[in-house]
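What follows is a short report on a single structure.
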Amino acid sequence: MTRTRLTDVACSIARATDLFADAWTALIMRDVLVGITRFDDIAEDLEISRKVLTVRLARLVEEGVLSRERYQQRPPREHYVPTEKGKELFPVLLALMNWGDRWYSNEGPPVRIQHLDCGSTTTAVTTCAHCQQMLTIDNTTQMPGPGGKLGPGTSVIGPLLASRRGHP
C-alpha cells in the first residue's frame with residue numbers, strides 16, 4: 001500500500017508529519033538526540049530491520065534533519081548527527097513524551113529530563129512567546145496565516161480559519 005505524501009498540503013502539521021509521524025522515525029530521532037548515533041547501535045536498540053532503518057535514515061539525511069559524519073578513517077566509519085533542523089525536533093519529542101507519560105505510563109515515566117543549567121528535573125511546557133502563560137486549547141485560537149490556501153487537506157479548515165480573520 002502506497003502512502004499519500006502530504007508535502008503539498010498547505011498545513012505545517014501535515015508537512016511535518018509527512019516526514020516525522022512514522023513511529024520508527026520518531027524513535028530514530030529519540031536515539032540520535034540521546035547520543036546513539038551509529039547505525040548498528042540504532043538497529044540493535046530499536047530492534048528494527050536494517051532495510052527499514054536504512055530507508056528512514058536516508059530520508060532524514062535527504063530532508064536535512066540528520067547528517068552523516070565520518071568518525072573513523074580506517075576502516076571508514078560514519079555516524080548520524082542531528083543538524084540544527086534535527087535538534088529543533090527535541091521539543092516535539094518532549095511534548096510526545098509528556099503526553100505518553102501522562103496517558104500511557106502506568107509505572108511512572110521511563111525517562112526523566114534534567115535541565116543542566118539549573119540542575120532540576122523538569123518537563124517541557126509550551127508557553128506564549130509574549131506573556132509566558134501556558135498555551136492550551138482553551139486559551140488559544142487558530143487564525144489564518146500567510147501561507148494558508150485551500151486545497152487537499154485544507155478544504156474545510158481553510159474557510160474556517162478565514163472566517164476568523166479579524167476576530168481576536
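As an exercise, identify the trypsin sites (Lys or Arg not before Pro) in the stretch 1-59 lying in DSSP coil whose Cβ has no more than 11 other Cβ atoms within 10 Å.
Values: sites: R3, R5, R15, R30, R38, R50, K51, R56, R59; in loops: R3, R5, R38.
Hits after loop and neighbour filter: R3, R5.
Scalar couplings 3J(HN,Hα) for the stretch 70-84, obtained by applying the Karplus form with A = 6.51, B = -1.76, C = 1.60 to θ = phi - 60°, are 6, 10, 8, 7, 10, x, x, 9, 10, 9, 9, 10, x, 7, 4 Hz; x denotes Gly and Pro.
Between H115 and T141, the modelled labels are 3.2 nm apart [label points 7 Å from Cα along Cα→Cβ].
When H79, H130, H115 are sorted by how many other C-beta atoms sit within 10 angstrom of their C-beta, beginning with the fewest, the order is H130, H115, H79.
Computing FRET efficiency as 1/(1 + (r/R0)^6) for D45 and E84, where r is the C-beta to C-beta distance and R0 is 22 Å, gives about 0.35. Sketch the reach of a paramagnetic label on D8 as a point 7 Å from Cα along Cα-to-Cβ, and name the residues of the stretch 125-163 whose backbone nitrogen lies under 16 Å away. Under 16 Å, as judged by backbone N against the label point of D8, lie 149-155 of the stretch 125-163. Amide H to amide H distances under 5 Å link E78 with Y71, where only residues 5 or more positions off or on other chains count and H is placed in the peptide plane. Loop-located GluC sites (Glu not before Pro) in the stretch 1-76 (DSSP state other than H, G, I, E, B) with a sparse environment of at most 10 neighbouring Cβ atoms within 10 Å: E47. With bins 10 Å wide beginning at 0, the percent of Cα pairs of the chain falling in each bin runs 8, 27, 33, 23, 8, 1, 0. Pair-distance distribution of the stretch 70-168: all C-alpha pairs, bin width 10 Å, starting at 0; shares per bin in whole percent are 11, 23, 30, 22, 11, 3, 0. Computed from phi, the 3J(HN,Hα) profile of the stretch 110-119 under the Karplus parametrisation 6.51, -1.76, 1.60 (θ = phi - 60°) reads x, 9, 10, 9, 10, 7, 5, 5, 10, x Hz, with x in place of Gly and Pro. Computed extension gain for D22 through Y104, at 0.36 nm per residue and net of the alpha carbon distance, reaches 27.7 nm.
Just so you know, all these numbers are worked out from the coordinates, no wet-lab data involved. Quick caveat: nothing in here was measured; it's all calculated off a predicted structure. Using ideal geometry, Cβ is built from the backbone for each residue, glycine included, and neighbour counts are taken over all protein chains shown.
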